[in-house]
1. Determine the sum of side-chain charges near B:THR46: Lys and Arg each +1, Asp and Glu each -1, restricted to other residues whose C-beta is under 15 angstrom from that of B:THR46.
2. Give me the one-decimal nm value for the distance between modelled label points at B:ARG414 and B:ARG402, 7 Å along each residue's Cα-to-Cβ direction.
3. Given the options B:GLY107, B:THR193, B:THR279, identify the residue whose Cα lies farthest towards the positive end of the charge dipole of segment B:56-308 (+1 on Cβ of Lys, Arg; -1 on Cβ of Asp, Glu).
4. List the residues of segment B:159-176 whose backbone N lies under 19 Å from a point placed 7 Å from the Cα of B:ARG384 along the Cα-to-Cβ direction.
5. What distance in nm separates the simple spin-label points at B:GLN145 and B:LEU271, each placed 7 Å from Cα in the Cβ direction?
6. Nearest 10 degrees is fine. How inclined is helix A:83-98 to the longest principal axis of chain A, computing both from alpha carbons?
7. Using R₀ = 25 Å, calculate the FRET efficiency as 1/(1 + (r/R₀)^6) where r is the Cβ-Cβ separation of A:ASP33 and A:GLN87; round to 0.05.
8. State log₁₀ I(q)/I(0) for chain B at q = 0.11, 0.12, 0.13 Å⁻¹ as given by the Debye formula over alpha-carbon point scatterers of equal weight, solvent excluded.
Amino acid sequence: MSEARAMYEQVILDHNKNPRNFGPMAEPDRVVDGFNPLCGDTLKIYLKFDGDLVSDIKFEGQGCAISKSSASLMTTLVKGRTRADAQALFDAFHHMLKTDHTAPVDEAALGKLKVFAGVREFPVRVKCATLAWHALDSALKEELPEEPVTTE
Amino acid sequence: MAVTAPHCDLTPAAPYDVDRVRRDFPILSRTVRNGKKLVYLDNAATSQKPQCVIDAISRYYSEDNANVHRGVHYLSQRATDLYEDARHKINSFLGTMVGCETIFTRGATEAINLVAHGFGKGFVNAGDEVLISHMEHHSNIVPWQMLCEARGATLRVVPINDDGELIMEEFDRLLNERTKMVSVTHVSNALGTVNPVAEICRKAREAGARVLIDGAQSAPHAPIDMKAIGADFFVAAGHKMYGPTGVGVLYGRAELLDRMPPWQGGGDMILSVTFEKTTYAHIPARFEAGTPPIAEVIGLGEAADYLTKLGMDKVAQHEHDLMVYGTEQLKQVPGLTIIGNAKEKAGAISFTMDCAHPHDIGQLLDDEGIAVRAGHHCAQPVMRRYGVAATARASFGLYNTRAEIDALVAGLFRVREMFA
């Protein structure tokens, strides 16, 4: 199998075709827009908090298989977790995608997210994988950004 | 003066032999992605370079390098001759017109900015209007926005129909006595539409407006005849017409250029300088401040010669065949939608697929050595007009073949297998 084909793991193709937690949310506590100026892709994430818990999270927008599946998988992993857990996942995911494609992956910290390890071979696509996560990172912060979060 | 490499020296009368043309471009014989044959279909972004252009640049640095318009020494004179010779080559490539001049810039973008700045300062005032179209590249939108903001003028936009053609009734309606400048692309980089530029120029002139035609996507694909077009300004990008990066062309009417204030100040653009007053040089020097991209200009001159020898009418015919064949073949792919179905198209076919995002299409095609562009093509208003964030775009050059289109289509069927 060639390299790009290998990047599209079954989990990625599945979440791309059937994205979880996809669609708008009524009365969210937080809404953050993400924008990838390179390709023009946009997405919006909605969050509800219950005390320290991310009680609900949804997303919508236009994106490639990598960005859509990354956002979808993110919502399934973050929902029902604490802010600190969500932040730790962002940190682990972000760290993995910044490393060289030959570097070992911290499977314990990343769990299912390890399917995105292959994206590291295609630096242009790393931004697709991180778009939703940058929006999440921003949503977890005290102050909301005035401009959409971008991958640049 | 410049010597053409023998293998680029095609007989003008010969029929178009694409296999022979391909041998002029060394990069086309390389492989990519683990031994895949390169299928380069991203010519609207930049074209590949023939050996004679590469040689001309190399020869300049090996044998003739010196600054131009300055020294009395042998090499300076030689470099100046080569540089000015390239200007003549470009002039004749564009169909020389009496009273017009070629100015070298860093690119088509800089050429538009030069006009927006110079013409804007000289001729556009509060209440005036600048008319562009909905299918412009960002480089033919943003400079005019900046000008309108600075001068208190208004930017008007000619809409396009669902096929990606200018709505000429709207053009007629929007053109009025306040219109000072009309700036429209000859060929759309995102849709492939060929615009009726001669009609646009004629109507603009009758309304008392000046016209700039963005030829970045037309000059590489079809014969350009400035007399027939009738524009006041025409811009082109060196690297899209088989020349080097870092050089562009502004072709304009001397009587207008003469009345435009300078663009950048510096060496080479002056007659005399004192601390009290500077007298500017005549055109074209007035708009070529500083040491110009000498090697690039010489390379571009060589590219223009190469295209002239091939015959731009033959190039246009060859690419028209690719456009017709490519459109037919792409329509065989289920779930594929071509964005831009103008009656007259050149250069590029933009498309989307219902099962896959353009980024994923581009990535999987790249796996097979096929280079296409995926994105908004620096034409976000066009993307919004058709309700898409991005498209995939296959764009042709004079060396592409029907077999390469077949490879593209086979690749798209495999994209479908994976994502549908």
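All of the numbers you see were taken from the coordinates with simple rules; none came from a lab. Nothing here was measured: the structure is a model prediction, and the numbers come from that model. Glycine also receives a Cβ, built like all others from the backbone with ideal geometry; neighbour counts cover every protein chain displayed.
1. Once all neighbours under 15 Å are counted, the net charge is +3.
2. 2.3
3. The residue sitting farthest along the positive end of the dipole is B:THR279.
4. In segment B:159-176, the label zone of B:ARG384 (backbone N under 19 Å from the point 7 Å along Cα→Cβ) covers B:159-167.
5. 4.0
6. The two axes meet at around 30 degrees.
7. Calculated value: 0.80.
8. -0.85, -1.00, -1.14
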